[in-house]
Amino acid sequence: MIRHPKTTLLASGLALLAGTALATAQDRASLMDAHKGGTLKLVARAAAGTIDPHVNYTLQYWQLYQSVYDGLVAFQKGNGIDGTVLVPDLAEAIPEATNDGKTYVFKLRDGIKFADGSDLGVDDVVASFQRIFKVSSPTSGTFYNGIVGAEACIASPADCTLEGGVIGDAEAGTVTINLTAADPEFFFKIAVPHASILPAEAPTTDVGVEPIPGTGPYMFDSYNPNEALVMVRNPNFTQWSEQAQPDGFVDRIEYGFGLTDEAEVTAVQNGQADWMFDPPPSDRLSEIGTQYADQVHVNPLTAFWYAPMNVNLAPFDDVRVRQAVNYAVDRAALVGIFGGQVLAQPVCQILPPGFPGHEDTCMYTKDPGTVWSAPDMEKAQALVDESGTKGQDITVITEDSVVSRDVGTYIASVLTDLGYNASVKAISANIQFTYIQNTSNNVQISVSQWYQDYPAASNFLNVLLSCASFHPGSDSSVNIAGFCDADIDARMQAAMQLAVTDPEAANTEWAAIDKAIMEKAPMAPLFTPKHVDFLSKRVGNFEFSNQFQWVMANSWVQ
């Protein structure tokens, strides 16, 4: 999923603190007695768009959805790698597959209510899976297209029934999901917010700013993207699984929007806010690193920053131009913009280090091999000369944060050096991600980031670059480059099926697919970041999940 830019930091004086996990070492009930209550105050430059969990695809709100919505299964609310463990959530257990891996029967827990007081039932589950298609969720064509009946739903979303695919039995309290083929990533896909279970009566269009009741310990009380988002306790919540959905410590969460980066830093320093979403500006880094080091947490990420290039618009409809950009970009300079080697590493491939399918390789560097070493402007210039595209106008679209704008400005300078008439256009982070997806906006090149939804190679390659992820004219077209290659698409589908029986061989094939895509260069991978959380002194028990980052429900305010 996308995340708005989140890190820039310092080199000296910063303590690299792993997230602590006090709550896991003590009885949660006694900790609740000691720490329950209070208001957690968050700040950001901008909101992150719609509040609809089936539509929003930003980590900024997926962090919040952890404590508002539930799926049949969930990622455990735990620290570090524990946060990637799948556990049963609304379902009593994670079922075994039958029918050659194509059928799962989920038994719902009894007694769970939505925030509006209505009971959760099998009809809600069936309707929620249909709704994924009716609202054209960004992942409807990649995560859920393997459900029986999905093909018809994608063709005609408003008429979606998933007939034969999702079947409820109210008397037995079960939901049966049938797939067209075995899918080793199926549980991952239904553990993310796009598969949240909502009331059957939920609108079948994007709700925008109107909250939908959920089943978690908190509910959205109000939302004004120009001012604030407020969360309060769900009065109908009773904890059923501490691993899947723990009760929260704080009574209220207030998320304010519209501050500058400088104002966010000052608010956290003064205790007027407990956490800032955006990167601290460069002129505050030394101050934060030396005076507030014990309030900073830095963690590695499976993510990357990249520049998608629209393969359907000039000059990037010429593969030589896209390759030239990859050769010309000085990734060391971009690491410097992001905060230095402590906080980022150069990359020139799509799958991040340590991720399934990753094999060190770099074809776009001075000395091609396993790592990036330096830009090759001579080769880049030769490719541009061959393309005959010099002198064309190019606009780089970035978010209006300091880091994104600086990265975009650097890329524009590279394009200028290559002979283009390049400029930068920074727009609000609240709309930039949807803006760059929609082909109607004719975006040539942009600055974006991608963070794993779950640990599988397909979550980068298939989601970002498959034909199924490209929806011309839609704000939900996460294949920003508009890349659609039939041969590579077929290889990705085959790799996903191979993973059912031979995950190791599948990851070897994903590594080869990564290289095959980079030969066509629909994007320029830039660097892989680390994550920085800057918190106020009164925040206790910070936990960082490798899946959804800060587990807010496990923190308290003193």
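Pull up segment 262-283, narrow it to residues that are more than 18 Å from LEU229 (Cβ to Cβ) and surrounded by fewer than 21 Cβ atoms within 10 Å (Cβ to Cβ), then point me to the one that is nearest to the chain's Cα centre (by Cα). Checked segment 262-283; the qualifying residue nearest to the chain's Cα centre (by Cα) is PRO281. Please tell me if VAL298 is of a type outside the set (Phe, Trp, Tyr) and within 21 Å of the chain's Cα centre (by Cα). Criteria met by VAL298. Which of the residues spanning segment 111-150 are without any contact (Cβ under 8 Å) to a residue 24 or more places away in the chain and open to solvent by 30 Å² or more (accessible area, probe 1.4 Å)? Across segment 111-150, the qualifying residue is only ASP119. Scanning segment 341-395 for residues that are more than 29 Å from ASN507 (Cα to Cα), in contact (Cβ under 8 Å) with a residue 60 or more places away in the chain and not acidic (Asp, Glu) yields a count of 6.
Screening segment 192-281 for strands (runs of 3 or more DSSP E) wholly inside it with 1 or more residues that are among the small types (Gly, Ala, Ser) and under 24 Å from PHE534 (Cα atoms) returns the ranges 228-233, 252-257. Residues in segment 467-485 that are within 17 Å of the chain's Cα centre (by Cα) and modelled with pLDDT of 95 or more: ASN479, ILE480. When segment 167-182 is filtered for residues that are open to solvent by less than 30 Å² (accessible area, probe 1.4 Å), in a loop (DSSP other than H, G, I, E, B) and over 20 Å from ARG109 (Cα atoms), only ALA182 remains.
Residue count for segment 535-548 under the criterion of being under 20 Å from the mean Cα position of the chain (by Cα) and open to solvent by less than 10 Å² (accessible area, probe 1.4 Å): the result is 4. Restricting attention to segment 151-166, the residues being out of contact with any Gly (no Cβ under 9 Å at 6 or more places or on another chain) and either open to solvent by less than 10 Å² (accessible area, probe 1.4 Å) or within 21 Å of VAL207 (Cβ to Cβ) (or both) number 3.
The values are calculated or read from the model by the stated rules, or taken from the named source; none is laboratory data. Bear in mind the structure is a predicted one, so any value in this text is a computation, not a measurement. With ideal geometry, Cβ positions are generated from the backbone for all residues, glycine too; neighbour counts draw on all protein chains shown. Accessible surface is based on the protein model in full, side chains and every heavy atom, while ligands, DNA and RNA are left aside. Shrake-Rupley method; radii C 1.70, N 1.55, O 1.52, S 1.80 Å.
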